[in-house]
1. Has the range 39-59 got any residue that is assigned to a helix (DSSP H, G or I), touching a Lys or Arg at 6+ places or on another chain (Cβ under 7 Å) and under 17 Å from Ser194 (Cα atoms)?
2. Taking the options Leu173, Leu188, name whichever one is open to solvent by 60 Å² or more (accessible area, probe 1.4 Å) and either more than 16 Å from Leu38 (Cα to Cα) or not hydrophobic (A, V, I, L, M, F, W, C) (or both).
3. Taking the condition of being buried (at least 19 other Cβ atoms within 10 Å of the Cβ) and part of a helix (DSSP H, G or I), how many residues in the range 209-218 meet it?
4. Given the structure, is Lys146 basic (Lys, Arg) and either surrounded by 21 or more Cβ atoms within 10 Å (Cβ to Cβ) or under 19 Å from the mean Cα position of the chain (by Cα) (or both)?
5. Inside the range 1-31, can you point out the residues that are assigned to a helix (DSSP H, G or I) and either open to solvent by 40 Å² or more (accessible area, probe 1.4 Å) or of a type in the set (Ser, Thr, Tyr) (or both)?
6. Looking at the range 197-215 only, could you name the residues that are of a type outside the set (S, T, N, Q), in contact (Cβ under 8 Å) with a residue 40 or more places away in the chain and touching a strand residue (DSSP E or B) at 6+ places or on another chain (Cβ under 9 Å)?
7. From the list Arg56, Arg34, exactly one residue is in contact (Cβ under 8 Å) with a residue 60 or more places away in the chain, open to solvent by 90 Å² or more (accessible area, probe 1.4 Å) and touching a Leu at 6+ places or on another chain (Cβ under 9 Å). Which is it?
8. Could you say which residue among Phe129, Phe124, Phe73 is more than 26 Å from Thr167 (Cβ to Cβ) and aromatic (Phe, Trp, Tyr)?
Amino acid sequence: MDYPQQHIKPYGEKGTKTEQVERMFDNIAPTYDRLNHLLSWSVDRGWRKQAIDRLRPYRPLHIMDAATGTGDFAIEAARALCPAKLTATDISEGMMNVGRKKVRQAGLADRVVFAREDCTALSFNDGCFDAVTVAFGIRNFADLDKGLTEMCRVLKPGGHLIILELTTPDRFLMRNLFSIYSKRVIPLWGKMLSKDTSAYRYLPDTIEAFPQGEVMMGILARAGFGEVTFKRLTFGICTLYVATK
């Protein structure tokens, strides 16, 4: 299917969305962590913890963290879940280079490995992961259906998918406040700290356009997942999806 966010590109010029997203994240990689925690008031750390806690009962030994960025979720999952191996994938080498440094500093280089992968065409064999996670990156996929189908393919039967994604609050007052914050404050701070105004205009636009809630549940079901649930976090600013293959 065709989804609105798939047509939103960071720089609005010729070139595929995948190419532009890769260039955008390479550009903002040096300041990404600082801006990410600043813009979320560090609430994102609590969201990650909740997502990881949902995986804890299943004790996954082999995990793929898709669209890993600078590896925050991968590092926290490796510490909390102690998998035998966690494969952190992304299309941006700039972001992963920051992540590789953080993994070495955390003493997790023997457990967390990085690999450049396009989530719409993964190189891994069928059924090789016990769990797949993606935190704040799925709305950047050039083809949402292909990305979800690929993540389902590389999961073992009975394996679990965890998605954390920024979403538009469903309550009127919070939705309006979030709209002002995301469309005015985020681009301003992004321009000041990263010098890439386009990137921090693109990000709020994709949040607004991305399917959420019950609609996203249907998309996950069509991709091959069952037992799909979701939970809105912090007034709906973030949504946690859990699904089983």
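The values are calculated or read from the model by the stated rules, or taken from the named source; none is laboratory data. Given the structure is predicted, the values throughout are model-derived calculations rather than measurements. Here Cβ is always computed from backbone atoms with ideal geometry, including for glycine, and neighbour counts include all displayed protein chains. Each accessible area value is taken on the protein alone, full model and side chains, heavy atoms only, with ligands, DNA and RNA left out. Shrake-Rupley method; radii C 1.70, N 1.55, O 1.52, S 1.80 Å.
1. Scanning the range 39-59 turns up no residue that is assigned to a helix (DSSP H, G or I), touching a Lys or Arg at 6+ places or on another chain (Cβ under 7 Å) and under 17 Å from Ser194 (Cα atoms).
2. Exactly one of Leu173, Leu188 is open to solvent by 60 Å² or more (accessible area, probe 1.4 Å) and either more than 16 Å from Leu38 (Cα to Cα) or not hydrophobic (A, V, I, L, M, F, W, C) (or both), namely Leu173.
3. Total meeting the criteria: 1.
4. yes
5. Pro4, His7, Thr18, Glu19, Glu22, Arg23, Asp26, Asn27, Pro30, Thr31
6. Ile207, Phe210, Gly213, listed by residue number.
7. Arg34
8. Among Phe129, Phe124, Phe73, only Phe124 is more than 26 Å from Thr167 (Cβ to Cβ) and aromatic (Phe, Trp, Tyr).
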